[in-house]
Amino acid sequence: MKMDVLREANYIYNFDHALFFNRSTKKAFSFPFIDDHSERELSTCIQEGKEGIGWKFYFNFPPSERVRRELEGVLD
């Protein structure tokens, strides 16, 4: 069901980095984050606004700056 919530919101799975992302909203969810949060929590994250022009990463632990830059380069 959680995957359905993401797919309905046009999120695509990236196998190489094990995350769901949406280029138009510039949001990405790690698989562990998805696994550890309810459908309702995921829906709230999907619907919430995003500040700034960069990507918003929903991870259990924030990615390092190096990982963030790498993911932004791959996802853009």
Set SER30, SER43, SER24, SER64: member being farther than 15 Å from LEU75 by Cα, in contact (Cβ under 8 Å) with a residue 12 or more places away in the chain and among the hydroxyl-bearing types (Ser, Thr, Tyr) = SER43
inquiry  = Would you confirm, using the coordinates I've provided, whether PHE29 is of a type in the set (A, V, I, L, M, F, W, C), modelled with pLDDT of 95 or more and outside any strand (DSSP E or B)?
reply    = no
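For the condition surrounded by 10 or more Cβ atoms within 10 Å (Cβ to Cβ) and of a type outside the set (A, V, I, L, M), what is the one hit in PHE61, PHE31?
Numbers: PHE61 fails: surrounded by 10 or more Cβ atoms within 10 Å (Cβ to Cβ).
None of the others qualify; the one that does is PHE31.
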key: Single residue of GLU48, GLU8, GLU41 found to be farther than 21 Å from VAL67 by Cα and either surrounded by 14 or more Cβ atoms within 10 Å (Cβ to Cβ) or under 10 Å from the mean Cα position of the chain (by Cα) (or both)   = GLU41
remark   = ALA18 meets each of (1) among the hydrophobic types (A, V, I, L, M, F, W, C); (2) surrounded by 12 or more Cβ atoms within 10 Å (Cβ to Cβ); (3) touching a residue at least 12 places away in the same chain (Cβ under 8 Å) with one exception, condition (2)
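The values are calculated or read from the model by the stated rules, or taken from the named source; none is laboratory data. Everything numeric here is computed off the predicted structure, so don't read it as measured data. Cβ coordinates were reconstructed from backbone atoms using ideal geometry, including for glycine residues, and neighbour counts include every protein chain displayed.
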